[in-house]
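Engineer: Take this structure first; my questions come after.
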Amino acid sequence: MKKLHKLILLSFLPNFTVSFAVALFVLVLQFIAKYQDDIFGKGFSTTLILKLFGYASFQLSVLALPLGILVGSLMTLGRLGENYELSAIKASGISLWRVIYPIFLFTFLLTGIAFSFTSYVIPWANLKLYSLLYDLSNAKPEFTLKPGSYYKGIDGYAIRILDRTPEGTLKDVHIYDHSANRGNLNVIIADSAYMVINEDYMYLKMTLFNGKRYEEVYPEDSKPNTFAHTTFYFDKMTHYFDLSGFKLERTDEKLFASHQYMLNISEMKLAVDSLNSLNDSLKVEAKNYLEPILHWQESLHLNENSEFPIISYNKITDLIEKTQQEIVIAKAQNQMRSIKNFLEFAIIRRNQEKTNLNKYEYEFYNKYTMPIACLIMLFIGAPLGAIIRKGGMGLPTIVSIGFFIVFYVLLSYGKKMSRDDVISPFIGAALPAIVMIPMAIFITFQASSDSKLFDLHAWKVLFSNLWRKISPK
């Protein structure tokens, strides 16, 4: 048995490794496609971009792990069935469970690693990822002057060049100074120029030749506009531009540390308890506000000359004059408006806090359900491979992708419905497991009884035997 288990495990590991790597690569490509406008075209270094993809790989690895186990186990058992090795093993009296036992131990170990990963490593990676992604998205694009178009990346300036020579000389340069927010009142025109960028001090030095500078004198508020202006010509002039805005400035990571994606499992539990306490305090606050106002007598008296109900308080006698009744009605109406405004604000605040609580609770339960998905995928992939008896990357990959799509759709819908308070966060996080565990049980039973995928004869025999045992004689 040890040799058999070693053989099966050695057959499973390459399939799992390749499947996991391909799944992770596809998920990283999806991440790149989603954030490509924030990442590329801004002149960031290769090291910085690779660091970003590395943090994203930590986050996406937990999603790629179930797919890797599903494809790997399906290919392994499918190849054994295709080569009739599985039939020979079963003929020797070894059950399907003993065949997948080494894969189960390996997957169980991966489940424990995945739980530690989701609990502690991924929150750290998410903090690094999203703080860096935030800074990259707010950074300015790389400074590039394209001939024939205006460049407005430098604050307060618009620059246009007609052409650029291979040596780097700029032709027909127009610089519009908008730093005073008064329109095109300050313009520099030059026949040619060349520029030098100092990356240490973040400034651009542009030396211009054979040009002129036109500047209108802006009149004072009390004086008429006489359109006075100055024009001076130059053979050579140097102009400096501040490029400090192009420098990537890192935001303090502590500003993101309280987000639900950045908390480990112990911090998440404390956050959930705090949000529950906040919701309870909102209820107490509403109760303390409404109880003194709504504490009136049980009986309500209706004035014959008014269509409004008169509320009888303890200090108001049953017999009051008409003017007093109108005062009471006005006070009651004002109180009802105050109560209505308070309740509307309280409902909005309560919904916001409930949505926030649902997000944190979902992420808390998701740290448990995602590792369990590895075991579920094993008991779908391995028995299914024993049934279809096809190895390779063809049919097993197609079938695995179909099951993974179902898993991913359930994961997305569970997350959305729990945040919208349609279902509880626990049910939302466990929705993939709730739907796919019966699939795993059904497929495992079919493979254990050597039945085809949709052959229900073994189930009929099982239920008939159970009925004989529980039915009265």
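Engineer: What pairs come up if the first residue lies in the range 115-137 and is in the same structural domain as D38 (by TED's automatic domain parsing) and in a helix (DSSP H, G or I), the second is crowded, with 17+ Cβ neighbours inside 10 Å and of a type in the set (S, T, Y), and their beta carbons are under 6 Å apart, counting only those six or more places apart or on different chains?
Structural biologist: Once the first residue is in the same structural domain as D38 (by TED's automatic domain parsing) and in a helix (DSSP H, G or I) and sits in the range 115-137, its partners that are crowded, with 17+ Cβ neighbours inside 10 Å and of a type in the set (S, T, Y) give A125/Y55; K128/Y55; L129/Y55.
Engineer: If you don't mind, there's one more thing I want to ask. State all residues of the range 27-39 that are surrounded by 13 or more Cβ atoms within 10 Å (Cβ to Cβ), of a type in the set (A, V, I, L, M) and under 30 Å from M75 (Cα atoms); if no residue qualifies, say none.
Structural biologist: L27, V28, I32
So that you can scan it fast, the table gives a plain yes or no per residue for (1) over 22 Å from A228 (Cα atoms); (2) in a strand (DSSP E or B); (3) assigned by TED's automatic domain parsing to the domain that holds F232:
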{"residue": "I159", "(1), (2), (3)": "yes, yes, yes"}
{"residue": "L162", "(1), (2), (3)": "yes, yes, yes"}
{"residue": "P166", "(1), (2), (3)": "yes, no, yes"}
{"residue": "H174", "(1), (2), (3)": "no, yes, yes"}
{"residue": "S179", "(1), (2), (3)": "no, no, yes"}
{"residue": "N184", "(1), (2), (3)": "no, no, yes"}
{"residue": "I189", "(1), (2), (3)": "no, yes, yes"}
{"residue": "S192", "(1), (2), (3)": "yes, yes, yes"}
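Engineer: Of all residues in the range 20-59, which are touching a residue at least 60 places away in the same chain (Cβ under 8 Å) and hydroxyl-bearing (S, T, Y)?
Structural biologist: Scanning the range 20-59 gives Y35, Y55.
Engineer: Something else: Scan the range 97-108 and report the pairs whose first residue is over 15 Å from G72 (Cα atoms) and whose second residue is outside any helix (DSSP H, G or I), with Cβ atoms within less than 9 Å and a gap of 6+ or a chain change.
Structural biologist: R98/M1
Engineer: In the range 455-464, is there at least one residue being of a type in the set (G, A, S), surrounded by 13 or more Cβ atoms within 10 Å (Cβ to Cβ) and at pLDDT 85 or above?
Structural biologist: no
Engineer: So, one more: Being surrounded by fewer than 17 Cβ atoms within 10 Å (Cβ to Cβ), of a type outside the set (S, T, N, Q), part of a helix (DSSP H, G or I) and more than 22 Å from the chain's Cα centre (by Cα) narrows it down to one residue among I434, I380, I427, I387; which is it?
Structural biologist: Of I434, I380, I427, I387, the one residue that is surrounded by fewer than 17 Cβ atoms within 10 Å (Cβ to Cβ), of a type outside the set (S, T, N, Q), part of a helix (DSSP H, G or I) and more than 22 Å from the chain's Cα centre (by Cα) is I434.
Engineer: Okay, moving on. Suppose we keep only residues that are closer than 16 Å to S57 by Cα and small (G, A, S) within the range 120-149. Which one would you say is modelled with the highest pLDDT?
Structural biologist: Within the range 120-149, the match that is modelled with the highest pLDDT is A125.
Engineer: What is the residue count in the range 237-253 for residues that are at pLDDT 75 or above and over 30 Å from I189 (Cβ atoms)?
Structural biologist: Residues flagged as at pLDDT 75 or above and over 30 Å from I189 (Cβ atoms) within the range 237-253 amount to 0.
Engineer: Out of L10, L86, L65, I need the residue that is in a helix (DSSP H, G or I), among the aliphatic types (A, V, I, L, M), closer than 21 Å to N126 by Cβ and in the same structural domain as Q446 (by TED's automatic domain parsing). Which one?
Structural biologist: L65
Engineer: I'd like the full set of residues that are in contact with an Asp or Glu (Cβ under 9 Å, 6 or more places away or on another chain) and within 15 Å of L7 (Cβ to Cβ), limited to the range 44-89.
Structural biologist: Within the range 44-89, R79 is the sole residue that qualifies.
The values are calculated or read from the model by the stated rules, or taken from the named source; none is laboratory data. In this text the structure is predicted, and so the values were computed from the model without any measurement. Virtual Cβ from ideal backbone geometry, glycine too; neighbours counted across all protein chains shown.
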